[in-house]
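The values are calculated or read from the model by the stated rules, or taken from the named source; none is laboratory data. Remember, it's a predicted structure, so these values are computed and weren't measured experimentally. Note that we place each Cβ from the backbone using ideal geometry, even for glycine, and neighbour counts take in every protein chain shown. Ligands, DNA and RNA are stripped out before the accessible areas are found, and what is left, the full protein with its side chains, is counted by its heavy atoms. Shrake-Rupley method; radii C 1.70, N 1.55, O 1.52, S 1.80 Å.
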Amino acid sequence: MMHGFALIMGSVFGHSWAVNILKQCQKLVTVTKGSHKLRHWLRTEMDSLKLSDPVLYKGPTWLVVAATTRFSSTYNCMLSVLRLQQAFNNMLQKHEVELTGSKATAGQTAAVKIIKSKVFGEILTS
């Protein structure tokens with residue numbers, strides 16, 4: 001079964017649009033995990049949306065980093081971003097001034113661009 005899954009994922013990631021979506025997911029995960037502010041704000045939004053309740057929310061409840069040699073981690077990375085999309089949007093809505101202001105880091109600015117981008121919408125409809 002995993003061999004079939006790997007073949008399908010390999011075929012999908014032969015397309016440039018799929019590679020772009022994965023790169024954007026991976027960058028968003030990396031930037032968020034590397035920033036104390038972003039992690040705190042995202043966790044706060046997860047709590048308000050009750051996304052961290054293990055009874056109500058099954059599967060990866062936090063951001064998953066994709067390993068380039070493991071297609072299942074690639075799937076989990078994209079799934080974790082998808083599941084937290086509302087939390088990301090709420091976080092951006094509440095903290096956009098801090099994330100785009102003069103004291104914002106390059107990573108925070110990149111995260112804002114990804115959350116606002118067409119790619120983020122493509123993740124949801126793919």
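Some observations on this one:
- Of all the numbered requirements in (1) open to solvent by less than 30 Å² (accessible area, probe 1.4 Å); (2) modelled with pLDDT of 75 or more; (3) under 20 Å from LYS118 (Cβ atoms), LEU22 misses one, and that requirement is (1).
- Options LEU28, LEU51; residue that is within 24 Å of LEU99 (Cα to Cα), in a loop (DSSP other than H, G, I, E, B) and either among the aromatic types (Phe, Trp, Tyr) or modelled with pLDDT of 75 or more (or both): LEU51
- Scope the stretch 88-114; condition over 17 Å from GLN24 (Cα atoms) and either part of a helix (DSSP H, G or I) or in contact with a Lys or Arg (Cβ under 6 Å, 6 or more places away or on another chain) (or both); matching residues: ASN90, MET91, GLN93, LYS94, HIS95, GLU96, VAL97, GLU98, LEU99, THR100
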